[in-house]
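Notes for the one structure printed next.
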Number of protein chains: 2
Amino acid sequence: MSQTTTLSCRPIGTIRTPWQTPADCPRNGRQPDPAPVCRVQVLPEFHPGLASLDGFSHLILLYWMDRVAQPKLRFTPPFDDTERGVFATRAPFHPNPIGVSVVAFDGFAEPGVLNVRFLDCTDGTPLLDIKPYLPTTDAVPAASMGWLGRHATRNANTTT
Amino acid sequence: MSQTTTLSCRPIGTIRTPWQTPADCPRNGRQPDPAPVCRVQVLPEFHPGLASLDGFSHLILLYWMDRVAQPKLRFTPPFDDTERGVFATRAPFHPNPIGVSVVAFDGFAEPGVLNVRFLDCTDGTPLLDIKPYLPTTDAVPAASMGWLGRHATRNANTTT
């Protein structure tokens with residue numbers, strides 16, 4: 001694999017949220033109280049892949065943060081006074097602008113349209129993937145948060 | 001955004017694991033006991049983005065599962081008797097073959113090379129992103145696992 005290899009993704013759908021610009025978005029998806037129900041619209045050709053989602057309380061969504069102008073490897077977060085490496089932040093400036101959110105899955109609004117809570121991305125964000133959230137491999141409640149520990153948000157919405 | 005939009009990613013590094021083919025890989029990264037220490041080699045141009053990772057016990061890695069020949073929207077898992085939608089599985093056949101793993105971060109082996117545990121991908125997998133794991137938004141220990149609940153692995157490695 002060369003350093004210039006290009007890997008091509010394609011949208012499998014669109015995320016609908018109440019936030020029209022990055023400046024409108026909450027700091028994280030669990031900060032708004034109540035967390036608004038957002039919609040995940042999956043393109044028809046991918047609907048067969050949605051079978052068996054019933055019964056999962058939470059999902060992992062991957063999406064393409066297409067509203068970010070330019071990646072930055074280092075920057076000073078607005079709530080901090082030290083320059084940080086981008087890989088130690090959840091800011092949208094990563095070299096590959098792929099967002100990851102753990103969301104509560106509230107079922108289908110209609111075929112191919114999922115109701116979810118705890119997103120924090122802009123309206124119209126291209127969806128890349130849906131995965132089931134598995135607490136056996138994805139939940140580490142005691143994980144330590146490095147420099148972000150003292151900035152942790154006191155989220156109104158906790159585990160459900 | 002059209003349905004044929006192409007979104008381009010590029011590797012930011014390479015993941016080194018003990019598994020040479022998909023058939024060698026464990027069912028999930030917490031199944032092997034002990035979990036081997038794997039290496040994440042970040043390309044030099046991205047090293048500045050690694051500042052401030054110290055103190056995070058866990059990270060989220062995104063990677064490109066380049067050994068998967070063909071996406072499948074439905075398939076019958078080897079441990080199940082029912083056809084499932086791919087978005088209700090963590091199988092590597094998703095339309096965009098982006099893997100997500102929560103790993104324990106054991107520090108740097110050398111500048112730009114991370115020691116991590118709990119990966120389950122093949123050796124040489126292209127790395128797409130590193131994010132800090134935040135239990136405030138990423139940990140949902142009580143999440144329900146739908147059809148996968150009765151197949152949950154009794155992992156040797158639990159939360160650390």
* **Two-decimal ratio, the stretch B:1-151, of alpha-carbon radius of gyration to 2.2 N^0.38 Å** => 1.11
* Asked: Per residue, how much accessible area does the stretch A:89-160 show when a 1.4 Å probe rolls over the protein heavy atoms, in square angstrom?
  -> 32
* Step through the residues of the stretch A:21-26 one at a time and calculate ³J(HN,Hα) from phi using the Karplus curve (6.51 cos²θ - 1.76 cosθ + 1.60, θ = phi - 60°), rounding each to whole Hz and writing x for Gly and Pro. => 9, x, 5, 6, 5, x
* Cα-based shape type of the stretch A:1-67, given that a ≥ b ≥ c are square roots of the gyration tensor eigenvalues and the cut on a/c is 1.5 -> oblate
* Asked: Amide H to amide H under 5 Å from A:Gly85: which residues, 5+ apart in sequence or cross-chain, H placed 1.01 Å off N in plane?
  -> B:Ala51, B:Ser52
* Can you work out ³J(HN,Hα) from phi for every residue in the stretch A:146-153, in order, using Karplus 6.51 cos²θ - 1.76 cosθ + 1.60 and θ = phi - 60°, giving whole Hz and x for Gly and Pro? -> x, 4, 6, x, 7, 9, 4, 6
* **Per residue accessible area in Å² of the stretch B:25-73, where ligands, DNA and RNA are left out and the probe is 1.4 Å** => 44
* Within the accessible area of the stretch B:38-160 (1.4 Å probe), percent carbon and sulfur -> 50
* Given C-alpha coordinates of the stretch A:70-160, what is the ratio Rg to Rh with the Kirkwood estimate of Rh? -> 0.98
* Taking both sides together, what accessible area is buried at the A/B interface, probe 1.4 Å, expressed in Å² and rounded to the nearest 100? -> 6900
* **Sites B:Thr5 and A:Phe75 - FRET efficiency at Förster radius 35 Å, r taken between beta-carbons, to 0.05** => 0.80
* Can you work out the base-10 log of I(q)/I(0) for the protein assembly as shown at q = 0.09, 0.10 1/Å, using the Debye formula on its C-alpha atoms alone? -> -0.42, -0.52
* Distance from the Cα centre of the stretch A:42-78 to that of the stretch A:89-127, in angstrom? -> 4
* Asked: Which value in nm describes the separation of the simple spin-label points at B:Asp33 and B:Thr21, placed 7 Å from the Cα toward the beta carbon?
  -> 2.8
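The values are calculated or read from the model by the stated rules, or taken from the named source; none is laboratory data. This one's a predicted model, so the numbers in the text were calculated from it and none came from an experiment. Virtual Cβ from ideal backbone geometry, glycine too; neighbours counted across all protein chains shown. Remember, those area values only see protein heavy atoms, side chains included, never the ligands or the DNA or RNA. Shrake-Rupley method; radii C 1.70, N 1.55, O 1.52, S 1.80 Å.
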